[in-house]
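K.L.:
If you scroll down you'll find the structure; I have some questions about it.
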Amino acid sequence: MLEINGCIVTIDAMGIQTEIAKKITEKGADYILALKENQKTFYEDVRLFFEEYRTNPTGFAPVYCATSHSQGHGRYESRTCYICEDIGWLEGREKWSALSGIGVVFCKVEQAGKVSKQAHYFIYSRKGMSASQVVDAKRSHWGIENQLHWVLDMQFREDESRARAANSAENFNVLRDWAYNLLKSETSMRGSFSDKQFKCLLDEAFLDKIVCSAFCS
């Protein structure tokens, strides 16, 4: 069981379910849930609202808009976030526990002479949040997710996996996450993630120590 009281839980599109939102708020936490096309008219209503507002942003307080930028390794990214808590018009809002607002982050990425644009729509429950607070929460989510996905892909070759039968893909995903957490929590050895993996391959005692840490801690 996770202790999430007072926290803001951020989940990608797979978590945009009314039951998940209800469980989060029942635990005393708040949510920011990514909104995708699988929500049909709910998604489309939010998208159209912000597309219209983007062309004519007058009338919104500055607290409901925030911009941020980041640059590194030849990549420049700018983000503009808009949020709105005046959602009495939004059909289906009553299905979402403690729903307080909707929002979007418009992203523009420039790299190697190419420009790409994306829009990330979401709903949230913590009333009174500013757009800058929402951006901070979502950037923390993306940072953790990107770091984890890089390790799973580069170190565990997750994208190359051909496990498809029955629940094998999900089972292997759980095992990779478990192995990642075990290796990351191993602090007695100095070295990179790859160094720890290699030592597990060569030293059974070290491997036993890491595996046992999951059951004997």
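The values are calculated or read from the model by the stated rules, or taken from the named source; none is laboratory data. These figures come from a predicted structure and were not determined experimentally. We place every Cβ from the backbone using ideal geometry, glycine too, and count neighbours over all the protein chains shown. For the accessible areas, the whole protein counts, side chains as well, though only heavy atoms, and no ligand, DNA or RNA atoms are used. Shrake-Rupley method; radii C 1.70, N 1.55, O 1.52, S 1.80 Å.
K.L.:
Go through the range 53-84 and report how many residues are assigned to a helix (DSSP H, G or I) and either modelled with pLDDT of 85 or more or open to solvent by less than 80 Å² (accessible area, probe 1.4 Å) (or both).
P.N.:
Of the residues in the range 53-84, 3 are assigned to a helix (DSSP H, G or I) and either modelled with pLDDT of 85 or more or open to solvent by less than 80 Å² (accessible area, probe 1.4 Å) (or both).
K.L.:
Separate question: Working only within the range 48-105, note down all residues that are of a type in the set (Asp, Glu) and within 16 Å of Tyr31 (Cα to Cα). Walk me through how you get there before you give the answer.
P.N.:
Of the range 48-105, the ones of a type in the set (Asp, Glu) are 51-52, 77, 85-86, 91, 94.
Glu85, Glu94 - these are the residues of the range 48-105 that are of a type in the set (Asp, Glu) and within 16 Å of Tyr31 (Cα to Cα).
K.L.:
While we're on this one: Does the range 34-44 contain at least one residue that is closer than 23 Å to Ala98 by Cα and touching a Gly at 6+ places or on another chain (Cβ under 7 Å)?
P.N.:
Scanning the range 34-44 turns up at least one residue that is closer than 23 Å to Ala98 by Cα and touching a Gly at 6+ places or on another chain (Cβ under 7 Å).
K.L.:
Here's another thing I want to ask about it. Please work out if Ile16 is open to solvent by less than 30 Å² (accessible area, probe 1.4 Å) and either farther than 18 Å from Phe122 by Cβ or modelled with pLDDT under 85 (or both).
P.N.:
Considered against the rule, which asks whether it is open to solvent by less than 30 Å² (accessible area, probe 1.4 Å) and either farther than 18 Å from Phe122 by Cβ or modelled with pLDDT under 85 (or both), Ile16 comes out as yes.
K.L.:
Looking at the range 40-52, which of its residues are loosely packed, with under 15 Cβ neighbours inside 10 Å and modelled with pLDDT of 90 or more? Quick ask: steps written out before the conclusion?
P.N.:
Narrowing the range 40-52 to residues loosely packed, with under 15 Cβ neighbours inside 10 Å: 40-41, 44, 48, 51-52.
Of everything in the range 40-52, those that are loosely packed, with under 15 Cβ neighbours inside 10 Å and modelled with pLDDT of 90 or more turn out to be Thr41, Glu44, Leu48.
K.L.:
Hey, another quick one. Among (1) in a loop (DSSP other than H, G, I, E, B); (2) of a type in the set (A, V, I, L, M); (3) open to solvent by 30 Å² or more (accessible area, probe 1.4 Å), there is one condition Ile87 misses while meeting the rest; what is its number?
P.N.:
Unmet condition: (3).
K.L.:
For the list (1) within 18 Å of the chain's Cα centre (by Cα); (2) open to solvent by 50 Å² or more (accessible area, probe 1.4 Å), I need the number of the one condition that Phe106 fails.
P.N.:
Checking Phe106 against (1) within 18 Å of the chain's Cα centre (by Cα); (2) open to solvent by 50 Å² or more (accessible area, probe 1.4 Å), the one that fails is (2).
K.L.:
Also, quick follow-up: Condition first: in a loop (DSSP other than H, G, I, E, B) and at pLDDT below 75. Now tell me which residues in the range 174-217 satisfy that.
P.N.:
Correct list: Ser217 only.
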